[in-house]
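First up is the structure itself, then whatever we jot down about it.
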Amino acid sequence: MNLFAWVRVVHVVSVILWIGGVSFVTSILLSPATSFESLDQRLKIFALVERRFVRQARLMVLLAGGSGLWMMHILGGWNWLVQPSFWWLHLMLFTWTVFTVFLFVVEPLGHGRMKALVQRDPEVAWRRLRIMHVILWILLLVTVICAVAGSHGAF
Ligand code: HEM
């Protein structure tokens, strides 16, 4: 059995589930084109879906990080971390760190403040949530493109 291939499967599947969720939330739930409900109702639906998705995203981030580090161990690639030509690997680590901090620190700590903003000014809350998700979504997409291209010798 090729252990590396299976660890790579875990890595890619966890990234797919994680990025799929972020894509859905950003391009459907938070899209201005999805005007099926009033702003209040949209925020309620968002809160409901996001609460469940955050749990799944946390698990996927842990799996992606764990499998990524395991692959580095199998490949004996720790010295890649100090080689500029492996910038696409640094990008993976950067994106992973951003999401880890966001999901495990910022989200739980800022939850109450966002709830208060939704009550006070739903328009501003909506815009903030949208901008934040679009930025994170773009970061994920760029990371996936560079990771696939980089690990298959494109750079
Ligand atoms: C702790 C964080 C991470 C580590 C240590 C890590 C490590 C790795 C390693 C070692 C590889 C294989 C490279 C090779 O075969 O030469 C890889 C591949 C890959 N990683 Fe990551 N990664 C991490 C996070 C991420 C994140 C956040 C994403 C996406 C957002 C990602 C997406 C990918 C993709 C798409 C591949 C290519 C798979 C393929 O084409 O077969 N990784 N990663």
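The values are calculated or read from the model by the stated rules, or taken from the named source; none is laboratory data. Only a predicted model underlies this, so the values are computations on that prediction, with no experimental measurement involved. A quick note on method: Cβ atoms are made from the backbone with ideal geometry, for glycine too, and the neighbour counts reach across all protein chains shown.
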Among the residues that make up region 103-114, is at least one of them touching a helix residue (DSSP H, G or I) at 6+ places or on another chain (Cβ under 9 Å), touching a residue at least 12 places away in the same chain (Cβ under 8 Å), closer than 17 Å to Leu139 by Cα and buried (at least 16 other Cβ atoms within 10 Å of the Cβ)?
yes
Of the conditions (1) modelled with pLDDT under 95; (2) within 20 Å of the chain's Cα centre (by Cα), Ser67 fails just one. Which one is it?
(1)
When you scan region 74-83, do you find a residue that is exposed (fewer than 15 other Cβ atoms within 10 Å of the Cβ), more than 16 Å from the ligand (Cβ to nearest atom), more than 20 Å from the chain's Cα centre (by Cα) and touching a residue at least 24 places away in the same chain (Cβ under 8 Å), even just one?
no
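What are the residues in region 10-50 that are assigned to a helix (DSSP H, G or I), hydroxyl-bearing (Ser, Thr, Tyr) and more than 10 Å from the chain's Cα centre (by Cα), if any?
So the first thing to find is which residues in region 10-50 are assigned to a helix (DSSP H, G or I), and the list is 10-29, 39-50.
Next, only the ones that are hydroxyl-bearing (Ser, Thr, Tyr) stay: 14, 23, 26-27.
Listed by number, the residues that qualify are Ser14, Thr26, Ser27.
Quick test for you: out of Phe94, Phe104, Phe53, pick the one residue that is part of a helix (DSSP H, G or I) and within 9 Å of the ligand (Cβ to nearest atom).
Values: Phe104 fails: within 9 Å of the ligand (Cβ to nearest atom); Phe53 fails: within 9 Å of the ligand (Cβ to nearest atom).
Matching residue, one of Phe94, Phe104, Phe53: Phe94.
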Pairs with Cβ under 9 Å, 6+ apart, first in region 129-155 and more than 13 Å from Phe99 (Cα to Cα), second at pLDDT below 95 and within 11 Å of the ligand (Cβ to nearest atom)
Cys146/Ala154; Val148/Ala154
